[in-house]
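*Asks:* Before anything else, here's the structure in question.
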Amino acid sequence: MNKEQLLLKLESSRESFLEALEGLTDEAYLEKGVIEDWSVKDILAHITMWEAQIITLLFRARSKPHPNTVHFGKETTDTLNERWYKQHRDRELSRVLDDFEGVRNQTLRRIEDFAEKDLVSANAFDWLDSQPLWKWIAEETYNHEEEHRGHIIAWRNSKGY
C-alpha cells in the first residue's frame, strides 16, 4: 500500500465508521452493553487511545532507535484496555468526541510527514520486525475501527436504533 492509498483508506474508514454512529442520541452514546459493559462512548475513547499510540510511534520513529509505545511494553492488550477504560469512563461525551476527531487529524498529519519509502519498506525501521510501517498504522486505525464498527452496528440492530 502506498502513502496515497493509506491516506484514502484512513479517510474512507472514518467516514464509514461515522455512518454507523449517525442519528445516535447522547443517551444512546452512553448506554452500556455494546461490548459487555462498554458504551459507544467507551468504544470511541478506546479507539482514540490506540490511535494516539500510533501518533506517538510515528513521532518517535525518526528520533529514537526504538519507540517506547505500549506496542513494546509488558502490559497485555486486555490490561491496557481496562486501564484506559477506567481512565475515560467518566469523561464527558463531548470531550471524547473531540478527541476522536482530533486524533485522526493528527494521524493524517504525521503520515504526511513521512516519505513513502519509510511507510512501505519492510526494512525502514529495525524495530518493525520486517513489517512496513503502514501495516502498524492500519492495525491501530482502520482495521480497529472496522472491528468496532461491526459491534456498534450489531448493537444498534439489536436495539432498533
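The values are calculated or read from the model by the stated rules, or taken from the named source; none is laboratory data. What you are looking at is a predicted structure, and each value in this text was computed from that prediction instead of being measured. Here Cβ is always computed from backbone atoms with ideal geometry, including for glycine, and neighbour counts include all displayed protein chains. Protein only, heavy atoms only, side chains kept; ligands, DNA and RNA dropped before computing areas. Shrake-Rupley method; radii C 1.70, N 1.55, O 1.52, S 1.80 Å.
*Asks:* Of (1) loosely packed, with under 11 Cβ neighbours inside 10 Å; (2) at pLDDT below 95; (3) of a type outside the set (S, T, N, Q), residue 90 satisfies all except one. Which?
*Replies:* (2)
*Asks:* Restricting to the stretch 110-130, give me the number of residues that are part of a loop (DSSP other than H, G, I, E, B) and surrounded by 13 or more Cβ atoms within 10 Å (Cβ to Cβ).
*Replies:* Number satisfying all stated conditions: 4.
*Asks:* While we're on this one: Can you find even one residue in the stretch 58-76 that is free of Cβ contacts under 8 Å to residues at least 24 places away in the same chain, surrounded by fewer than 14 Cβ atoms within 10 Å (Cβ to Cβ) and within 19 Å of residue 32 (Cβ to Cβ)?
*Replies:* Looking through the stretch 58-76, none of the residues is free of Cβ contacts under 8 Å to residues at least 24 places away in the same chain, surrounded by fewer than 14 Cβ atoms within 10 Å (Cβ to Cβ) and within 19 Å of residue 32 (Cβ to Cβ).
Rundown of residues vs (1) under 23 Å from residue 105 (Cα atoms); (2) open to solvent by 20 Å² or more (accessible area, probe 1.4 Å), yes/no style:
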| position | (1), (2) |
| --- | --- |
| 13 | yes, no |
| 16 | yes, yes |
| 20 | yes, no |
| 28 | no, no |
| 44 | yes, no |
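*Asks:* Out of 135, 159, I need the residue that is over 22 Å from residue 22 (Cα atoms) and open to solvent by 30 Å² or more (accessible area, probe 1.4 Å). Which one?
*Replies:* Result of the check over 135, 159: 135.
*Asks:* Another question, then. Can you pull out the residues in the stretch 1-25 that are charged (D, E, K, R) and in contact with a helix residue (DSSP H, G or I) (Cβ under 6 Å, 6 or more places away or on another chain)?
*Replies:* Selection gives 3, 9, 14.
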